[in-house]
Amino acid sequence: MNTTDLIVLAAMAVVVAVALGAFVPITKYLFDRGLVDRNQQAPNIIDFYKTYVAHTRKTTGRIGTAFWVHAVSAGLFIVIGVGYTIFRFILPRLG
């Protein structure tokens, strides 16, 4: 493991922490308004997103900021991980 690996892992850790931190207000919003069941055994996360987007759009006319922060952070996590895997492990073997 080299320095670049550690930098990428640290960046991924920061981005996933932001994504998780942004998911907390989403769940709090849904639980406080009784829009989802807190005691559900295996919650479907996609239903959380759909309910949050629909409810915030209906009440404020816009999608809540927490959703955008969460979506962008989760997307960055995926892009960083996949991109680094391609550049670090796949491309060197092709050349």
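The values are calculated or read from the model by the stated rules, or taken from the named source; none is laboratory data. The model shown is predicted, which means the values in this text are computed figures rather than measured ones. Here the Cβ positions follow ideal geometry from the backbone for every residue, glycine too, while neighbour counts run over all protein chains shown. What goes into the accessible areas is simple: the full protein's heavy atoms, side chains included, and nothing from ligands, DNA or RNA. Shrake-Rupley method; radii C 1.70, N 1.55, O 1.52, S 1.80 Å.
A few remarks follow.
- For the range 3-95, the list of trypsin sites (Lys or Arg not before Pro) that fall in a loop by DSSP and count at most 12 other C-beta atoms within 10 angstrom reads R33, R38, R62.
- Rh by Kirkwood over Cα pairs, then Stokes-Einstein D for the chain at 1.002 mPa s and 20 °C, µm²/s: 140 µm²/s
- A Förster distance of 30 Å, applied to the separation of the beta-carbon atoms of L91 and T3, puts the FRET efficiency at 0.95.
- Modelled label reach - Y49, point 7 Å along Cα→Cβ, the range 7-28 residues with backbone N closer than 17 Å: 16-28
- Rolling a 1.4 Å probe over the protein heavy atoms gives the chain an accessible area of 70 Å² per residue.
- The calculated FRET efficiency for the pair A13 and Q40, based on their C-beta separation and a Förster distance of 22 Å, comes to about 0.15.
- The chain: most fluctuating residue of L76, L20, L35 per GNM, C-alpha cutoff 10 Å: L35
- Listed residues A74, A11, A42, most fluctuating in the chain (Gaussian network, C-alpha, under 10 Å): A42
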